[in-house]
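**Student:** There's a structure below that I have some questions on.
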Amino acid sequence: MNTITLKSPFDMHIHFRDGDMMKVVAPLSSANFAGGIIMPNLVPPVDTKEAVIAYKSRVMDAIGDDDFIPFMTLFFKPYTKEFLSDVRDKISAVKLYPAGITTNSEGGVESIDTVALAPTLNAMSELNLPLCVHGETNGFVMDRESEFMSVYEELAIAFPKLTIIMEHITTKDAVNLVQQYDNLYATITLQHLLITLDDVAGGMLAPHLFCKPIAKRPEDREALVNIAVSGNEKIMFGSDSAPHPKHAKENCGCAAGVFTSPIALQALTQLFEANNSLDNLQKFISDNACKIYNMQPRSKNITLIKKDFKVPEYYEGFGEKIVPMYFGDTLSWSIKS
Ligand code: DOR
Ligand code: ZN
């Protein structure tokens, strides 16, 4: 096959940031995708109706005339049902961060106690409002996600009608768990399908591949690839594209986040092709997300052609450089303009 057309590709987990950074990165998503879930971990976090409305309007400005729907989210806090009902039509999900687990998550949840969180989570269930979760403990870095599996189980059992999205899963433990409960679903990033910890830290340290959760073992990556290319209905693409300025990555305190939005479709096509699974890419990139989030596909199609794509060394704006994953490398698929 030399071309493939993806109908309504969605990126179900993106960090657009704000201000000048957003003006550079948002168009790189809105050019290639029909929509995406926009994460709320700004400073301060997006946690009021006014903040959601104002952020969405800044997002719309940043994407200009592109045909792209930003699905807004709220930063999880204990909220009343009245508040959630009032904001329901402005948001697609609520994102829960354990406090301090990653970039701008200091205001997250100190302890995930199903009793204490019940009023908010029951209200979300009643409003069919999905809960997106950054599932890591603050334990040893390689074990953080696996240690979180018991929390996901408690949530899944305590709130059987709540749609729970295990964000950016990285382990075979998570691949196993998502298949065990009807109300668990997951996103998988590009980098976790392509790299292991060896690529991050096995040779020269690769700051542009450093993210939270950190990439894991080969057997974890294999489990992620297998479930993604199978087209499994519980699994959707969420890039977790998380841009930081070059100096914040190439620094002795490297910021966590891999910037993938401009290369995601090309690299995913290459990966699915290598796994003889191009027929399932449509499910991973859109169809499954539409079912999980109860959304209609958009009419936007993106065609890829088998032609080399040289990944730029960096994208630039506001006096900063932002380095994408695989900068300077060549991918075998390009987006047809
Ligand atoms: O690596 C990450 N970067 N993981 C996250 O969960 C957040 C993200 C960011 O916002 O930079
Ligand atoms: Zn994220």
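The values are calculated or read from the model by the stated rules, or taken from the named source; none is laboratory data. What you are looking at is a predicted structure, and each value in this text was computed from that prediction instead of being measured. Note that each Cβ is placed from the backbone with ideal geometry, even for glycine, and that neighbours are counted across all protein chains shown. For accessibility, only protein heavy atoms count, side chains too; no ligands or nucleic acids. Shrake-Rupley method; radii C 1.70, N 1.55, O 1.52, S 1.80 Å.
**Student:** Starting from residues that are within 16 Å of ligand 2 (Cβ to nearest atom) and open to solvent by 10 Å² or more (accessible area, probe 1.4 Å), keep the ones in the stretch 255-286 and report whichever is nearest to Gln296 (Cα to Cα).
**Tutor:** Once the filter is applied, the top-ranked residue is Ala256.
**Student:** Within the stretch 91-119, which residues are over 25 Å from Pro70 (Cβ atoms), away from ligand 1 (no atom under 15 Å from the Cβ) and open to solvent by less than 40 Å² (accessible area, probe 1.4 Å)?
**Tutor:** Ile112, Thr114, Leu117, Ala118
**Student:** Here are Met60, Met124: which of them is outside any loop (DSSP other than H, G, I, E, B) and in contact with a Ser or Thr (Cβ under 9 Å, 6 or more places away or on another chain)?
**Tutor:** Exactly one residue qualifies, and that residue is Met124.
**Student:** Please specify each residue of the stretch 206-236 satisfying the condition of being open to solvent by 10 Å² or more (accessible area, probe 1.4 Å), within 16 Å of Asp173 (Cβ to Cβ) and within 16 Å of ligand 2 (Cβ to nearest atom).
**Tutor:** Result: Ile214, single match.
**Student:** Determine whether Asn232 is out of contact with any helix residue (DSSP H, G or I) (no Cβ under 6 Å at 6 or more places or on another chain), under 19 Å from Met12 (Cα atoms) and away from ligand 1 (no atom under 16 Å from the Cβ).
**Tutor:** It is true that Asn232 is out of contact with any helix residue (DSSP H, G or I) (no Cβ under 6 Å at 6 or more places or on another chain), under 19 Å from Met12 (Cα atoms) and away from ligand 1 (no atom under 16 Å from the Cβ).
**Student:** I'd like the full set of residues that are in contact (Cβ under 8 Å) with a residue 60 or more places away in the chain, part of a loop (DSSP other than H, G, I, E, B) and closer than 20 Å to Pro218 by Cα, limited to the stretch 136-168.
**Tutor:** Hits for the stretch 136-168 are Glu136, Val141, Met142, Glu167, His168.
**Student:** Every residue in the stretch 175-205 that is of a type in the set (A, V, I, L, M) and either in contact with a Phe, Trp or Tyr (Cβ under 6 Å, 6 or more places away or on another chain) or buried (at least 17 other Cβ atoms within 10 Å of the Cβ) (or both), please.
**Tutor:** Val175, Leu177, Val178, Leu184, Ala186, Ile188, Leu190, Leu193, Leu194, Ile195, Leu197, Val200 - these are the residues of the stretch 175-205 that are of a type in the set (A, V, I, L, M) and either in contact with a Phe, Trp or Tyr (Cβ under 6 Å, 6 or more places away or on another chain) or buried (at least 17 other Cβ atoms within 10 Å of the Cβ) (or both).
**Student:** Further question: Which of the numbered conditions does Thr102 fail, given that it passes all the others? Conditions: (1) modelled with pLDDT of 95 or more; (2) in a loop (DSSP other than H, G, I, E, B).
**Tutor:** (1)
**Student:** Cβ contacts < 9 Å: first residue closer than 18 Å to Thr187 by Cβ and at pLDDT 95 or above, restricted to the stretch 285-310; second residue assigned to a strand (DSSP E or B) and open to solvent by 100 Å² or more (accessible area, probe 1.4 Å), any location; separation 6+ or different chain. Result?
**Tutor:** Matching pairs, first to second residue: Ile285/Lys7; Ser286/Lys7; Asp287/Lys7; Pro297/Lys7.
**Student:** Out of curiosity, is Pro45 open to solvent by 10 Å² or more (accessible area, probe 1.4 Å) and either closer than 20 Å to Thr163 by Cα or part of a loop (DSSP other than H, G, I, E, B) (or both)?
**Tutor:** Answer is yes for this residue.
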